[in-house]
Every structure is written in structure tokens, then in C-alpha cells.
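Engineer: Structure incoming, see below.
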Amino acid sequence: MEIIPAIDIRNGNCVRLYQGDYDIETIFSDDPVEMAMKWQSLGALRLHVIDLDGAASGGLCNLQLITEITNAVLIPVQVGGGIRQMRTIEELLKVGVDRVILGTAAVEDAELVKEACYRFGQSIIVSLDAREGYLATHGWKQETELKAIEFVCSMIKLKVRRFIYTDISRDGTLTEPNFNAIFELVDTTRCSVVASGGISSLTHLKVLKKLGANGAIIGKALYTEQINLKQALRAVSEI
């Protein structure tokens, strides 16, 4: 199971939000590139970068910073936030991004997902951002009536094979992941599922691995040092 540090970019800073609320923001660094290099130096084998400005506005806003990150590190980088057109996917892959994450676009534009999977295969990830089991879009600001598990089944038909599940109500709270939702996704789909939201201890990581998660994205717990990245990597490798 991969342990993936999160780098959320907003107004040029590396930040964390509380339950996806743009009004409750903590700035942890004014240099996302330096933060990316730090996580790499501590042993991270992949980075999760989100353009929060792009997620809210509907178009990628931080391509230059993302390019600087991919140029600065040697490990794979996956990127999401405001990616709603094919040319944006192409731009990101061209600058060295390893995997592109589709959230709002996946909900609103099935043809885009279908074409992206046909052209880029395993480089496409669909993000399932859920609040009380229902997906939210547009930077988590708009609610939908789509249930996550039903939506996943429709995405699998389009050849999506990688998913990220984020429980919005737990994101940035340092409580615990939504283990039931993760297990249901893994058990139902047999696809690659990465857990996000609420991860705050080594025990959480061990449980996620036993449930069959392929990865765990960690944000606030790393920045507040509630989880030590080296210890997390070691703990997961010993299971």
C-alpha cells in the first residue's frame, strides 16, 4: 500500500482545509515545491497534488507550480483540481504528471472520461468525494444525488480502474477514515482504491491495508507531525 503525502495548493501556498471548507484554511508552507522535495527526502514514493484554486474555479490555475514540482522531484506525481477538459489532461501529462485525477468532470462528462481512459489508460484516476455517501463536486461545494458506490459502477463501464475515495466530513479533522465505505468499494469493485480523509494514526494505515486499499493519502496528520512519514512507511511495509 502506498503512503502518499498531500500537497494542496491555494494562492501559491501549501494549505489544508477543514472538511473542504475554503473559509477554514491553515497555511503550512509558502513553498509547495520545497514541501514536495521534503516528502521525497523522507521516503515518499508518490505525491498527491491538488490545485484548490482550480477546483473552485473550474479550470487549472497552478500549472506553473505543478510543473516546478514535477521537475524538482524524481517520484511520480498525481494531480487533481479543475481538470475538466482533454487539453488540460494532455498539458499535465506533457509536463511530467504521472496520473491525472478527474472529479467534477467525471460526474458531468462521461464522454471525457471514456476518451481519457481510452487514450491514457492507467494514468486516469476518478476521485469520489463524498459527504454522507453522496458525491459533491466543484471543489466540494455542490451536492449531488449520486451515491458513490453506484457512480463507481458506471465509471468501471468506462474502463476506469483507479479511484480515490475521500470522506469530506472527515477530511482535515484527524478523526479516522471511513473504513466501511473503503471496504465496500474494494469489495464491490476489485479496483485500485486509495483512501483519503481523516487518517491520523499508524493504526488507521494498518487497517486500511488489511481492508485492501492500494494507497492512503495523508495531509494534515503529516503537517502537524501526528504521523511521522518514515514510521508510516515502515509500519505498512511490515504488515
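Engineer: Viscosity 1.306 mPa s, temperature 10 °C: give me the Stokes-Einstein translational D for the range 3-80 in µm²/s, with Rh taken as the Kirkwood radius over C-alpha pairs.
Structural biologist: Reported coefficient: 127 µm²/s.
Engineer: Considering only protein heavy atoms and a probe of 1.4 Å, how much of the accessible area of the range 75-170 is carbon and sulfur, as a whole percent?
Structural biologist: Carbon and sulfur atoms account for 46 percent of the accessible area of the range 75-170.
Engineer: Continuing with this model, one more query. Which of the aspartates and glutamates could a cross-linker span from Lys141 if the Cα-Cα distance has to be under 17 Å and same-chain partners fewer than 8 positions apart are dropped?
Structural biologist: Asp8, Asp21, Asp23, Glu25, Asp51, Asp53, Glu108, Asp129, Glu132, Asp167, Asp171
Engineer: Which one, Cys191, Cys61, Cys153, has the greatest fluctuation when you compute a Gaussian network model over the chain with C-alpha springs under 10 angstrom?
Structural biologist: Looking only at Cys191, Cys61, Cys153, the biggest GNM fluctuation is shown by Cys153.
Engineer: In debye, nearest 20, what is the charge dipole magnitude of the chain about its Cα centre with +1 on Lys and Arg Cβ and -1 on Asp and Glu Cβ, if you could check? Write out the running numbers ahead of the final one.
Structural biologist: On the way: 25 positive and 30 negative charges, 185 e Å.
Around 900 debye, computed over the chain.
Engineer: If you take the beta carbon distance between Glu108 and Thr188 as r and set R0 to 30 Å, what does 1/(1 + (r/R0)^6) give as a FRET efficiency, to the nearest 0.05?
Structural biologist: The computed FRET efficiency comes out at 0.85.
Engineer: Let me ask another. Let me check the size of the range 15-55 from its C-alpha atoms; what are the radius of gyration and Dmax in Å?
Structural biologist: For the range 15-55, the Cα radius of gyration and maximum Cα-Cα distance read 11.6, 32 Å.
Engineer: Still on this structure: How long are the semi-axes of the equivalent ellipsoid of the range 73-228, taking √(5λ) for every eigenvalue λ of the Cα gyration tensor, in whole Å from largest down?
Structural biologist: 24, 18, 15
Engineer: Dividing the Cα convex hull volume of the range 159-226 by residue count, how many Å³ per residue is that?
Structural biologist: 73
Engineer: Still on this structure: Roll a 1.4 Å probe over the protein heavy atoms and report the accessible area of Leu222 in Å², nearest 10.
Structural biologist: Per-residue accessible area (Leu222): approximately 10 Å².
Engineer: Let me ask something else about it. Within straight cross-link reach of Lys209, meaning Cα distance under 29 Å, which lysines are found once same-chain residues fewer than 8 apart are removed?
Structural biologist: Reachable lysines: Lys38, Lys147, Lys157, Lys159, Lys220, Lys230.
Engineer: Another question, then. Could you rank the peptides 230-236, 142-148 by their average count of other C-beta atoms within 10 Å per residue, with the highest value first?
Structural biologist: 230-236, 142-148
Engineer: So what is the accessible area of the range 52-127 per residue, in Å², with the probe set to 1.4 Å? Show your work: numbers first, answer last.
Structural biologist: Working: 3260 Å² over 76 residues.
That works out to 43 Å² per residue.
Engineer: Which number comes out as Rg/Rh for the range 1-134 once both Rg and the Kirkwood Rh are worked out on C-alpha atoms?
Structural biologist: 0.95
Engineer: I would also like to ask the following. What nm value, rounded to one decimal, do you get for the distance between Glu25 and Asn228 when each label is placed 7 Å out toward the C-beta?
Structural biologist: Roughly 3.2 nm, to one decimal.
Engineer: How much length is gained on full extension from Phe120 to Ile149, taking 0.36 nm per residue of separation minus their Cα-Cα distance?
Structural biologist: 8.1 nm
Engineer: Quick one: Cα centre-to-centre distance for the range 159-212 and the range 1-67, in angstrom?
Structural biologist: Distance between centres, Cα-based: 19 Å.
Engineer: Still on this structure, please answer the following. Order of 2-10, 181-189, 24-32 by packing, highest average Cβ count within 10 Å first?
Structural biologist: Ranking, from highest mean packing down: 2-10, 181-189, 24-32.
Engineer: How would Met155, Met86, Met1 rank on accessible area, largest to smallest, probe 1.4 Å?
Structural biologist: Highest to lowest solvent-accessible surface, that is Met1, Met86, Met155.
The values are calculated or read from the model by the stated rules, or taken from the named source; none is laboratory data. In this text, all values refer to a predicted model and were calculated from it rather than measured experimentally. Cβ atoms come from the backbone with ideal geometry, glycine included; neighbour counts cover every protein chain shown. To get the accessible areas, we keep the full protein, side chains included, count just its heavy atoms, and leave off ligands, DNA and RNA. Shrake-Rupley method; radii C 1.70, N 1.55, O 1.52, S 1.80 Å.
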